[in-house]
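The values are calculated or read from the model by the stated rules, or taken from the named source; none is laboratory data. Predicted model only: the values in this text are computed from it and were never measured. Every residue, glycine among them, receives a Cβ derived from its backbone with ideal geometry; neighbour counts consider all protein chains shown.
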């Protein structure tokens, strides 16, 4: 039988990807340009017995998301810049309490209300550092409707596997453009569910790391009575201020991501083998970059593209290698210099690092990139 | 790299131009299995205001998802014609509703004029199908998808009670442009 | 015969953090008796709180407990209840947590009439941070941020809950200890959002700034101001001046949220 295909927006593809991953709970608050994610979930979730709730604000939505996830639900929340700013509070809660959930941020201009219908990539550092305190983050940056569908499945898998919030950063162009999306058959894409405890309830410790960096998570209502808090806590889940316990917990929560980078990292390398100039591009901007690479190659310029699908943790190792190989790394971004900071940090001056920034609500077009590459070389 | 073909539908909000773009993209990518990207720009108005919908069609993957200079442009209003005519490729096409675009923009493109709204209102009987008239006209003009593919996509999109109405609108748009092109 | 509270308390978690004379312990005992009398299955009960002294309560209870962020308890609890309606969900917290930073979540939980029990321990002050005024601090009272007297008007939590749509609203005091469990139990049994406000005392940060010489003085005040609703019906406005009504203040039947959503599911599935 032929696969189900449909022309749909990136936001719609995100919702369908979540459903494929087994998402059965959505909490959100309406905000442009992310609202279609919520709309599709409101239609589809009740059909499969799932739950959709529109909360009173974005903070409440993330709170409900975490509450639902603790009962065993696979939970999704979508928002945009101003909403994401509000969510930072409870994103941090999901980090410290180690709650699997997925939050989509369809970036728009800003700060504040900014340009609700204009594309932007200016929440990229916020995705990593927006919530206070030390923590790890997993942030994905897909660039097409098909990829949004598949990466949303991967976002859920990473959330479940590493027991933490995972963010998907879209931009308005990827979110609203329509492309053909091929739905995966059951079993075609891997779907991971969180590990349930294997010990009896009386022995269960929600943050016990003796078997690995990611402790199993029991669902509320499954016979395991335990405590969850946003305070620094010991393995048993209860608050502690003992220095060595706090230190160990803080480090473990970062280690579980940083020591599993091989599993978490994902990127596309396009014509990099002999590249003298590397475009570091993501989201819709990477589509302009690919166009630019093709045009530059026609003119004999050895251009290539590194496109991170996992933006955070940042692909330090590979970017360092590329900085050794190339004369220049050029970073087109719809912001005034965010991920380029990471590229500069990792390149350590071994090649020229240049930025193309645009914040006028218009996409970065291939011509702009081509001009910059020629200027840099 | 595969050839890109870019089409812009422009006019006023509420004229169904975004839907026209979506149907064209469906005809290309779902019915014919080509690559297509549809996008739109919009302001805070739900109705009224300017509206445009862009479709890029290609035999291969499409990189840059926004229109650059378009191969063909529909303008349903004078405002749209004035705004977008200079975004047409040299030797491209401009399709106008000549009841509403009195000052025809000049440039290195072919201009084809039909009274789209009037055809919808008087010949089909419902103004609301003007976007489907325009779509039929655009497909006849550009040949970017087969006539049948466009019709299949239109009929897949509309409720059963409106199948005949839309079929008629699509055919009339297609035929009227063929006639206009022969003149 | 002493009541067996120990069976409901997590081993090794006492002593609690509350100051001598604080009423929160009295309220916790009332909650335990209420949970017992309703025969709540502790495996299937979530007690959710925000931040503050009162919000430390769940940590002591041997059930599923969720100590969340400041003000957000009702929203977390809504997620728990919505995802798993078969769970009993009880929210506990203080007046600042529930009606200032959490005010929006509080009123919307009331509006949805989701089947949860919200227990507010109203001691009129932010105790944990050292005694700043809350929306429930009396006008004119002293707090660490109102040393010249509190200029703010005061929330009436019960009226706020009724206005927002809670279908069961009751009030008690930490002095009237034997009434607390009965009010909470009635709230737990009620289908819909039940708010139980317990007027409480904070001798450490409120009492000593506001001329209460002792915990006994604060408890005496709770005794004196409380008027049961039945008694109040026979009193004149003059007699009721400065008094606070206690007992069940409001009770009505209205569709419950998770049941309403179950109907959404049925409609979506074509039933």
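Screening the candidates B:26, B:6, B:32 for the property of being facing chain A (nearest Cβ under 9 Å) and closer than 21 Å to residue B:174 by Cα yields one hit, B:26.
Filtering region A:8-37 to residues that are farther than 21 Å from residue A:188 by Cα, in contact with a helix residue (DSSP H, G or I) (Cβ under 8 Å, 6 or more places away or on another chain) and either away from chain C (no Cβ under 14 Å) or at pLDDT below 95 (or both) leaves A:9, A:11, A:30, A:31, A:33, A:34, A:35, A:36, A:37. You will find that of C:94, C:102, the residue that is touching a strand residue (DSSP E or B) at 6+ places or on another chain (Cβ under 6 Å) and either buried (at least 24 other Cβ atoms within 10 Å of the Cβ) or without any contact (Cβ under 8 Å) to a residue 40 or more places away in the chain (or both) is C:94 and no other. Among the listed residues C:52, C:59, C:23, identify the single one that is more than 10 Å from chain A (Cβ to nearest Cβ), at negative phi and in contact with a strand residue (DSSP E or B) (Cβ under 9 Å, 6 or more places away or on another chain). After ruling out the rest, the residue left standing is C:23.
Of the helices (runs of 4 or more DSSP H) lying entirely inside region C:118-236, those containing at least 1 residues that are in contact (Cβ under 8 Å) with a residue 40 or more places away in the chain and touching a strand residue (DSSP E or B) at 6+ places or on another chain (Cβ under 8 Å) span C:157-164, C:177-189, C:215-225. For residue B:59, the criteria (1) in contact (Cβ under 8 Å) with a residue 40 or more places away in the chain; (2) touching a helix residue (DSSP H, G or I) at 6+ places or on another chain (Cβ under 9 Å) hold in every case but one, which is (2).
If only residues of region A:53-73 that are surrounded by fewer than 24 Cβ atoms within 10 Å (Cβ to Cβ) and more than 7 Å from chain C (Cβ to nearest Cβ) are counted, the one that is nearest to residue C:66 (Cα to Cα) is A:72. Is it true that residue C:267 is free of Cβ contacts under 8 Å to residues at least 24 places away in the same chain and closer than 20 Å to residue C:122 by Cα? Against the criterion (free of Cβ contacts under 8 Å to residues at least 24 places away in the same chain and closer than 20 Å to residue C:122 by Cα), residue C:267 does not qualify. Here residue B:152 meets each of (1) in a helix (DSSP H, G or I); (2) in contact with a strand residue (DSSP E or B) (Cβ under 6 Å, 6 or more places away or on another chain) with one exception, condition (2).
The combined condition, being within 14 Å of chain C (Cβ to nearest Cβ) and crowded, with 24+ Cβ neighbours inside 10 Å, is not fulfilled by residue A:47. Based on what the data block shows, is residue A:350 in contact (Cβ under 8 Å) with a residue 24 or more places away in the chain and either under 25 Å from residue A:111 (Cα atoms) or crowded, with 20+ Cβ neighbours inside 10 Å (or both)? Spelling it out, it is not the case that residue A:350 is in contact (Cβ under 8 Å) with a residue 24 or more places away in the chain and either under 25 Å from residue A:111 (Cα atoms) or crowded, with 20+ Cβ neighbours inside 10 Å (or both).
Residue by residue through region C:69-115, note down the ones that are at the interface with chain A (Cβ under 8 Å from one of its Cβ atoms) and in a strand (DSSP E or B). Passing the criteria: none in range. Residue-level check: of (1) closer than 22 Å to residue A:19 by Cβ; (2) in contact with a strand residue (DSSP E or B) (Cβ under 8 Å, 6 or more places away or on another chain); (3) surrounded by fewer than 24 Cβ atoms within 10 Å (Cβ to Cβ), residue A:192 misses just (2).
Of everything in region C:251-271 that is closer than 12 Å to residue C:167 by Cβ and surrounded by fewer than 18 Cβ atoms within 10 Å (Cβ to Cβ), the residue that is farthest from the other protein chains (Cβ to nearest Cβ) is C:251. Please go through region A:279-308 and pick out each residue that is touching a residue at least 60 places away in the same chain (Cβ under 8 Å) and more than 27 Å from residue A:190 (Cα to Cα). A:279, A:280, A:285, A:288, A:289, A:291, A:292, A:295, A:296, A:301, A:303 - these are the residues of region A:279-308 that are touching a residue at least 60 places away in the same chain (Cβ under 8 Å) and more than 27 Å from residue A:190 (Cα to Cα).
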